[in-house]
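What follows is a single structure, written as structure tokens, with notes after it.
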Amino acid sequence: MFNALGEYLLLMFQVFRKPDKRKIFRKQLFLEFQNLGIDSLGIVAIISAFFGGIVAIQTAYNIDSPLISLTMVGFTTRQSIILEFSPTIISLILAGKVGSRIASEIGTMRITEQIDALKVMGVNTANYLIFPKVVASLLINPILIIFSVVVALFGGWLACVVTGLVTSQDYILGIRYCFEGFIVFYALIKTVVFAFIIASVSGYQGYFTKGGALDVGRSSTKAVVYSSILIIIFDLILTQLLLT
Amino acid sequence: MIEAVNISKFFGNHEVLKNISLQFEKGKTNLIIGRSGSGKTVLMKCLVGLYGVDKGHIDFDDRNLSKMTSKEQRDIRKDLGMLFQGGALFDSMNVEENIMFPLTMFTKKTYEEKLERVNFCLNRVALENTNKLYPSELSGGMTKRVAIARAISMNPEYLFCDEPNSGLDPITAGVIDELISEITKEYQTTTIINTHDMNSVLKIGDKVAFIYDGELWWKGDKHQILKTDNKELNDFVFATELTTRLKN
Ligand SMILES: Nc1ncnc2c1ncn2[C@@H]1O[C@H](COP(=O)(O)OP(=O)(O)OP(=O)(O)O)[C@@H](O)[C@H]1O
Ligand SMILES: [Mg+2]
């Protein structure tokens with residue numbers, strides 16, 4: 001395990017270099033915005049909308065005391081979504097979707113000698129292949145998470161209104177109740193850390209693929225498993241650091 | 001000139017290259033021949049620095065490859081073109097982008113200048129008007145030729161070809177041999193070719209080295225190879241019906 005950590009750190013050292021050619025880097029970056037960001041919008045939207053609705057309905061059902069105002073539904077939904085659901089659960093989903101994509105793309109290039117071909121040309125392969133993916137993830141994941149928050153809150157509202165459990169007015173009042181900007185900051189810090197984990201761990205797994213097509217599959221599974229575990233571990237650490 | 005001095009390479013306990021010393025001359029086609037699994041590809045990958053050697057060293061015109069910093073290694077690689085056994089074209093790019101890639105990465109040429117060079121290289125490998133095809137749309141022979149075009153796009157001083165004509169029909173194979181030989185003479189490149197095709201050996205073998213189970217077994221040229229009395233080499237050379245008849 002320490003071997004792997006050393007290998008990972010050495011790789012990152014190669015990744016964080018100035019790209020050989022700005023123009024090529026920019027082109028790669030935009031491609032990754034598309035591949036890693038825009039292509040994920042659909043799944044993020046669907047999961048967020050449903051999750052928002054589910055949290056709102058559950059909260060509404062659990063409030064049976066007349067002493068607690070129904071505005072609490074909006075409030076609780078907002079808190080769970082911003083604090084935990086959007087940054088963590090959506091990042092886990094992205095670890096599955098984006099992580100496996102990164103690992104299999106780079107892994108395939110490894111086993112078909114495309115990485116060797118790049119290296120023979122004199123390209124810094126780690127930088128060329130992984131850096132744009134890391135930068136794109138760091139920039140686009142926060143946007144995806146904010147998008148997820150908005151969609152989830154809307155999902156909650158829709159669920160409340162359609163089921164008639166909470167009025168639109170109460171829900172919106174709840175969402176705006178006692179709002180601190182800090183929780184958004186906390187969510188974004190987590191998102192950025194998770195984005196780095198997803199892109200770099202998956203890049204590492206792909207880059208060091210050995211063997212054949214079967215091993216590409218193995219690398220991409222490992223990418224998803226390891227980045228998910230790391231996300232949960234760092235979630236605990238960051239929560240402890242930032243919220244207490 | 002490229003010189004390998006006493007190089008050995010291990011994979012675990014398996015010694016794949018055993019104390020090989022060889023010189024590859026400028027302006028000549030230097031062939032490395034041997035049976036499948038004898039270590040040709042490993043030798044070539046050591047020469048270009050994709051594998052580090054465990055013993056010995058490799059000199060590019062007196063510049064020691066293993067002693068270079070990674071920056072210096074990368075600089076020397078800009079003078080180096082390589083054709084991989086499987087082509088190794090970039091899947092995500094079409095033919096034109098593949099050939100243009102090193103030009104975009106390492107030169108300040110305008111798009112028009114680069115396109116001109118791409119078309120020139122495609123013309124050399126007789127593949128005009130395939131610019132927009134993707135690697136998945138090419139046949140095996142076309143893949144090899146595009147890979148050659150990419151290898152020569154930077155006008156390399158050193159050209160490495162790993163089995164440039166395996167899996168091709170005899171006519172295309174001949175065309176590719178001739179092409180590589182022409183390029184070598186015309187631009188005075190130091191060309192190294194891995195092959196197990198006796199046709200190529202007899203046609204373009206300016207210098208031939210025979211590797212047997214990781215050892216350098218014999219060296220000479222295309223004329224000497226038919227007269228050798230080395231048993232393993234004879235078995236290799238006269239393994240086909242055609243060459244046997246040639247001998248008699
Ligand atoms: N990455 C590697 N790890 C371990 N062993 C390897 C590796 N690459 C090659 N070998 C071993 O080295 C030996 C030589 O392989 P190499 O690919 O050089 O053969 P070759 O002469 O190019 O054969 P062919 O004509 O079939 O391409 C083989 O026994 C092979 O198993
Ligand atoms: Mg080989």
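The values are calculated or read from the model by the stated rules, or taken from the named source; none is laboratory data. Please read all numbers here as calculations on a predicted model, not as lab measurements. We place every Cβ from the backbone using ideal geometry, glycine too, and count neighbours over all the protein chains shown. The protein model used for the area step is the full one, side chains on, heavy atoms only, and it has no ligands, DNA or RNA in it. Shrake-Rupley method; radii C 1.70, N 1.55, O 1.52, S 1.80 Å.
Miscellaneous remarks
- Exactly one residue out of B:26, B:55, B:18, B:45 is of a type in the set (D, E, K, R), touching a residue at least 24 places away in the same chain (Cβ under 8 Å) and crowded, with 16+ Cβ neighbours inside 10 Å: that is B:18.
- Of the criteria (1) open to solvent by less than 10 Å² (accessible area, probe 1.4 Å); (2) more than 14 Å from ligand 1 (Cβ to nearest atom); (3) more than 14 Å from chain A (Cβ to nearest Cβ), which one residue B:171 fails: (1)
- Some residue of segment B:71-92 being charged (D, E, K, R), within 16 Å of ligand 1 (Cβ to nearest atom) and farther than 26 Å from residue A:31 by Cα: no
- Restricted to segment B:154-168, and to residues there that are more than 14 Å from every other protein chain (Cβ to nearest Cβ) and either open to solvent by less than 80 Å² (accessible area, probe 1.4 Å) or assigned to a helix (DSSP H, G or I) (or both), the residue that is farthest from ligand 2 (Cβ to nearest atom) is B:168.
- Each residue in segment B:218-233 was checked for being open to solvent by 70 Å² or more (accessible area, probe 1.4 Å) and under 20 Å from the mean Cα position of the chain (by Cα), and 1 pass.
- Selection status of residue A:106, open to solvent by 40 Å² or more (accessible area, probe 1.4 Å) and either under 23 Å from residue A:193 (Cβ atoms) or within 14 Å of chain B (Cβ to nearest Cβ) (or both): no
- Segment B:45-66: number of residues that are of a type in the set (A, V, I, L, M) and assigned to a loop (DSSP other than H, G, I, E, B): 3
- One residue alone among B:96, B:116 is over 14 Å from residue B:2 (Cβ atoms), of a type in the set (Asp, Glu) and open to solvent by less than 40 Å² (accessible area, probe 1.4 Å), and that residue is B:96.
- Test result for residue A:77, free of Cβ contacts under 8 Å to residues at least 24 places away in the same chain, more than 30 Å from residue B:77 (Cβ to Cβ) and open to solvent by less than 30 Å² (accessible area, probe 1.4 Å): no
- Looking only at residues in segment B:99-113 that are of a type in the set (Ser, Thr, Tyr) and not in a loop (DSSP other than H, G, I, E, B), the one that is most open to solvent (accessible area, probe 1.4 Å) is B:111.
- Among the residues making up segment B:180-190, those that are open to solvent by less than 10 Å² (accessible area, probe 1.4 Å) and either at pLDDT below 90 or outside any helix (DSSP H, G or I) (or both) are B:189, B:190.
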